[in-house]
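The values are calculated or read from the model by the stated rules, or taken from the named source; none is laboratory data. In this text, all values refer to a predicted model and were calculated from it rather than measured experimentally. Cβ coordinates were reconstructed from backbone atoms using ideal geometry, including for glycine residues, and neighbour counts include every protein chain displayed.
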Amino acid sequence: MRSNDSVATGRVDLCVRAQSVRFAGREAKLPDLSFRLLQVLSEHAPAAVSFEDIERAVWAAQVTRETMKQRAKLLRDALVALGLPEEAIAAVRSVGYRLTVPSGVYDAPVRSTVLGRLRDWRASAAAGALVVVIATAALAAGGPWRQPPGALQIEIVQTRGRPDTDAQAVSNVSRDLANYLARMEGVDVLAAPSPSGRASDLIVDIAIAGLRADARLSLRLVDRHSGLILWAEDYPFDASDYDRSLAHFASNVHARVETLSLKLGRKGQARQPRAAREEYESILALARGAGEQELLVAQRRLEILTAQRPGFALARALRVRVTADLILRHGHDPRLAASAVAEARSLVETYPFAADFKYTLARAQMAAGDDAGALRNLHAAARDLPFLERDILTLERQIENADAGAELR
């Protein structure tokens, strides 16, 4: 992107990795809360974002309207200093706030001239698929665009095919997403397993389900070594207009890669043998059925697996969720929830960056009757797993109905 692009389009550009914003050739780093506010507004622009949604996305806690107003003013002042109009951040009476100018994403400047040449070359490629093929070949040959030895390798795959999936649409999304991810410094994007035989560090899993107006694009960023989902989101899908969804997903991949810095897998959860991973996948598929007998079988198999592999954190988390489902859906002894909560808390304390485990704790707390605690952890997990917003709304309604019933009594 040229430095004057934002001037020509009147667009404000965000860099998630640096938490900075750029407009009219000027650039500024924003405080964490201001950047989160701008990010959530840009993701929904030009529509208004409700006070409640802003509260969840920015603070993940209840705050006063005055606090929100002051944060909006700080953000507005920062944007005005860059040359944007005051009305770029507009208050919508009794609703929330909205961003009134176009927005985009950009990368922080690279430090390596080699990486700079790689980025320029990729940006000028005619087709995204060609970018991936040639870059992969250059890596194998040690060519001039080779990334440093420590570069992350991201493989784009489709592992959850369905009969109603549009194969051509998936191919187009894969190509265009590769273009976005290839702009990241220190990252190699693979369209196929590495020719060197090295397993990729991260997987982006793509699925498109439904037809036309009901189509949804599902994207997941997964740590290959642990199987942990680092970021996941579902988007409404229009085959002729999905660029904004990819930009949003890619910007969050930036943030997760920068934050985690490969502490997963090799330096975080112990990598499990293939047989253990295959058993876990088999149990996971069984548990998704949610029938009582399936859950009981899954529970017994998980007891064996976690006894054999006590360091298999994902299996421990699944065991907690199976226990919670047996209590919540099939009326099993609620006293079992106490040990499930303790196990889930241990996982969250050991892996505080893992949204999966915060969700696991929330399920255990629901089984234990602690809806307020569950709601807090669902909010925390939804920062990386936005599709949990549906679960949050359902639980909020349950809490409101319970409170209303208590008042009537």
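Summary of values
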read-out	value
Pairs, first assigned by TED's automatic domain parsing to the domain that holds LEU326 and buried (at least 24 other Cβ atoms within 10 Å of the Cβ) in segment 343-364, second assigned to a helix (DSSP H, G or I) and among the basic types (Lys, Arg), C-beta under 7 Å, six or more apart	THR360/ARG321; LEU361/ARG345; ARG363/ARG321
Residue match in segment 3-20 (condition: crowded, with 17+ Cβ neighbours inside 10 Å, of a type outside the set (Gly, Ala, Ser), at pLDDT 85 or above and farther than 27 Å from ASP234 by Cβ)	no
Pair list, Cβ < 6 Å and 6+ apart or interchain, from segment 373-385 residues that are within 21 Å of VAL222 (Cβ to Cβ) to residues that are assigned to a loop (DSSP other than H, G, I, E, B)	ALA380/ALA60
Within segment 28-44, tally of residues that are modelled with pLDDT of 85 or more and either closer than 13 Å to LEU84 by Cβ or aliphatic (A, V, I, L, M) (or both)	7
Unmet criterion (only one of (1) of a type outside the set (D, E, K, R); (2) within 17 Å of ILE229 (Cα to Cα); (3) over 26 Å from the mean Cα position of the chain (by Cα)) for VAL348	(3)
Residue under evaluation ASP53, criteria (1) farther than 12 Å from ARG71 by Cβ; (2) in contact with a strand residue (DSSP E or B) (Cβ under 6 Å, 6 or more places away or on another chain), criterion not met	(2)
Criterion (surrounded by fewer than 24 Cβ atoms within 10 Å (Cβ to Cβ) and in contact with a strand residue (DSSP E or B) (Cβ under 8 Å, 6 or more places away or on another chain)) met by exactly one of LEU385, LEU375, LEU326	LEU385
